[in-house]
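*Asks:* Here it is, the structure, as structure tokens.
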Amino acid sequence: MSAFATLVARDLRLAVRQGGALGTALGFYMIVVTMLPLGLGADLNLLSRIAPGVLWIALLLSALLSLPRVFASDYEDGSLDILATGPLPLELVAAAKALAHWISTSIPLALLAPVLGILLNLDIGAYPVLVATMLIGTPAVSFIGAAGAALTLRAHRGGLLIALLVLPLYVPTLIFGMAAIGALLGPGGVTQPFLILTALSLAAVVLGPIAAAAALRVQMQ
Amino acid sequence: MQLVAENLVLCRGGRTIIEGLSFRLEAGAALLLTGANGSGKTTLLRALAGFLKPAAGAIAVGNGADERELGELSHFVGHLDGIKAHLTVAENLAFWAAYLDGGDVAIALDAFALSGLADIPAGYLSAGQKRRLGLARLAVAARPLWLLDEPTVSLDAASVGLLVKTLEAHVGGGGLAVIATHVPLALADAREIRLGAAGDRK
């Protein structure tokens with residue numbers, strides 16, 4: 001097994017063993033979405049109209065909760081130094097960790113979304129597109145998030161800082177994720193927003209680790 | 001294989017910690033770094049591992065033909081052991097073995113008397129046992145340059161003996177080792193560099 005696959009496998013195993021990070025993110029997602037109908041009242045038309053947006057925004061916030069841990073645990077126990085002396089360039093170390101975050105956190109959140117959609121009276125026809133936009137859009141969440149996590153590695157209370165740094169960068173993903181769902185419910189094709197969403201994720205997969213590695217190099221001095 | 005440092009100037013946090021340090025280490029030699037707290041032992045080791053870029057001067061390693069970077073030639077054992085509490089002792093070591101392209105985990109466990117603890121989650125280990133697990137990484141993958149930052153901290157006398165034995169085997173086989181320490185290590189033919197107390201230097 002290559003060093004990259006070894007690192008991804010270890011992070012996934014740790015995510016399963018520790019469990020806490022995923023549990024917190026899923027729990028937070030569920031609670032935020034559940035509270036919304038309670039706050040807005042039982043206007044089914046209103047809920048179903050805002051459901052995709054609510055599900056997307058709550059997903060971004062939930063993913064944000066688990067981002068600080070992407071590099072922090074390896075930094076705190078000294079693993080990051082040793083990872084840096086390994087055969088992988090730091091860019092690929094960052095990419096492996098972001099990929100593990102995507103698999104262990106972003107995908108479960110995306111799969112929980114349709115269940116929560118029931119609470120919001122989401123149009124049944126929108127379910128497949130909603131999950132598809134989330135699966136295609138969330139690599140951007142994890143890979144841009146990894147850059148934010150690396151930048152705030154040594155910052156005190158870095159979690160809040162990550163939100164300020166990273167949430168604005170999620171805006172394009174949010175806009176085109178919503179555009180894809182909107183195109184399905186209204187006139188117009190779904191393909192175009194999907195392609196742009198894919199492009200955003202691919203760009204994040206390439207640029208995120210480069211930014212993260214640059215930040216890590218500074219933090220490790 | 002050799003390690004050459006020329007006129008190294010190392011800065012951390014805007015302060016010059018080490019100024020104008022030069023040394024040359026040939027294959028099969030160990031270098032002990034001593035000096036007061038804050039004299040730059042860790043800083044120098046981090047520079048040798050490639051984490052910290054020298055402000056001036058150069059570090060060269062290898063025999064000219066090797067183009068790998070500093071970090072890829074060295075084992076870095078710092079103050080922290082790089083251990084995951086939720087993985088067992090054997091799993092921790094097996095990960096580093098696979099990641100660092102190393103070999104047999106069982107031999108490395110044996111070299112640091114950890115065989116009996118192999119299936120215990122590393123979170124339950126004592127400080128000394130964790131240190132030994134951190135050091136066992138040295139035996140799991142072959143690398144020419146060992147950079148050890150106070151490796152004897154929290155080790156008992158028997159474990160220090162194991163470490164010295166492993167170090168002598170490594171150095172005897174043509175390896176290089178740079179060791180920051182406060183405790184005299186019973187290493188044959190080890191050179192020593194005493195770093196000046198730069199803790200109060202501006």
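The values are calculated or read from the model by the stated rules, or taken from the named source; none is laboratory data. Note that this is a predicted model, so its numbers are computed, not measured. So basically every Cβ, Gly included, is an ideal-geometry build from the backbone, and we count neighbours across all protein chains shown.
*Asks:* Taking the stated definitions as given, is B:Asp119 part of a loop (DSSP other than H, G, I, E, B), within 15 Å of the chain's Cα centre (by Cα), closer than 24 Å to A:Gly19 by Cβ and not polar (S, T, N, Q)?
*Replies:* So B:Asp119 does not fit the description; no.
*Asks:* Take region B:122-163 and flag every residue that is in a loop (DSSP other than H, G, I, E, B) and of a type in the set (Asp, Glu).
*Replies:* Quick first cut of region B:122-163, residues in a loop (DSSP other than H, G, I, E, B) only: B:125-126, B:141-144, B:150-156.
Within region B:122-163, B:Glu150, B:Asp156 meet the criteria.
*Asks:* For residues in region B:129-155 being touching a Gly at 6+ places or on another chain (Cβ under 6 Å) and not small (Gly, Ala, Ser), which is surrounded by the most Cβ atoms within 10 Å (Cβ to Cβ)?
*Replies:* B:Val140
*Asks:* Separate question: Only residues that are within 20 Å of B:Gly123 (Cα to Cα) and surrounded by fewer than 24 Cβ atoms within 10 Å (Cβ to Cβ): list them for region A:58-73, please.
*Replies:* Correct list: A:Arg69, A:Ala72, A:Ser73.
*Asks:* Consider B:Leu52 carefully, then state whether it is at pLDDT 90 or above, within 14 Å of another protein chain (Cβ to nearest Cβ) and either surrounded by fewer than 21 Cβ atoms within 10 Å (Cβ to Cβ) or assigned to a helix (DSSP H, G or I) (or both).
*Replies:* No, not satisfied.
*Asks:* Turning to a different aspect of this structure: Return the only residue of A:Leu55, A:Leu14, A:Leu47 being touching a helix residue (DSSP H, G or I) at 6+ places or on another chain (Cβ under 9 Å), more than 30 Å from A:Pro209 (Cβ to Cβ) and of a type outside the set (Asp, Glu). Give the steps one after another, and end with the answer.
*Replies:* Details: A:Leu55 fails: more than 30 Å from A:Pro209 (Cβ to Cβ); A:Leu14 fails: more than 30 Å from A:Pro209 (Cβ to Cβ).
Testing whether each residue is touching a helix residue (DSSP H, G or I) at 6+ places or on another chain (Cβ under 9 Å), more than 30 Å from A:Pro209 (Cβ to Cβ) and of a type outside the set (Asp, Glu) leaves just A:Leu47.
*Asks:* Also, I was wondering about something else. List every residue pair whose Cβ atoms sit under 9 Å apart, with the two residues 6 or more apart in sequence or on different chains, where the first one lies in region A:1-13 and is more than 9 Å from chain B (Cβ to nearest Cβ) and the second, anywhere, is crowded, with 20+ Cβ neighbours inside 10 Å and of a type in the set (S, T, N, Q).
*Replies:* From region A:1-13, the pairs are A:Asp11/A:Ser104; A:Leu12/A:Ser104.
*Asks:* Still on this structure, I have one more. Output the residues belonging to region A:188-220 that are within 14 Å of chain B (Cβ to nearest Cβ) and exposed (fewer than 14 other Cβ atoms within 10 Å of the Cβ).
*Replies:* Passing the criteria: only A:Val218.
*Asks:* Additional query: I'm checking my understanding of the structure. Among residues of region B:76-90 that are outside any loop (DSSP other than H, G, I, E, B) and of a type in the set (A, V, I, L, M, F, W, C), which one is nearest to the other protein chains (Cβ to nearest Cβ)? Even if it seems obvious, please write down each step before you answer.
*Replies:* Initially, region B:76-90 is screened for residues outside any loop (DSSP other than H, G, I, E, B), giving B:76-77, B:88-90.
This time we only want the ones that are of a type in the set (A, V, I, L, M, F, W, C), so: B:76-77, B:89-90.
Working: B:Phe76: 5, B:Val77: 8, B:Val89: 14, B:Ala90: 13 Å.
Among those that are outside any loop (DSSP other than H, G, I, E, B) and of a type in the set (A, V, I, L, M, F, W, C), it is B:Phe76.
*Asks:* To continue, here is another question. So for region B:96-112 (the condition being of a type in the set (Phe, Trp, Tyr) and at the interface with chain A (Cβ under 10 Å from one of its Cβ atoms)), does at least one residue qualify?
*Replies:* Looking through region B:96-112, at least one residue is of a type in the set (Phe, Trp, Tyr) and at the interface with chain A (Cβ under 10 Å from one of its Cβ atoms).
*Asks:* Here's another thing I want to ask about it. Consider B:Ala30 against the criteria (1) touching a helix residue (DSSP H, G or I) at 6+ places or on another chain (Cβ under 6 Å); (2) away from chain A (no Cβ under 14 Å); (3) in a helix (DSSP H, G or I): it satisfies all of them except one. Which criterion is unmet?
*Replies:* All conditions are met except number (3).
*Asks:* Hey, another quick one. Which of the residues spanning region A:74-92 are crowded, with 22+ Cβ neighbours inside 10 Å and under 24 Å from A:Leu164 (Cα atoms)?
*Replies:* A:Asp74 - this is the single residue of region A:74-92 that is crowded, with 22+ Cβ neighbours inside 10 Å and under 24 Å from A:Leu164 (Cα atoms).
*Asks:* If you don't mind, there's one more thing I want to ask. Out of the residues in region A:19-48 that are crowded, with 16+ Cβ neighbours inside 10 Å and not hydrophobic (A, V, I, L, M, F, W, C), state the one that is nearest to A:Ala100 (Cα to Cα).
*Replies:* The qualifying residue nearest to A:Ala100 (Cα to Cα) is A:Tyr29.
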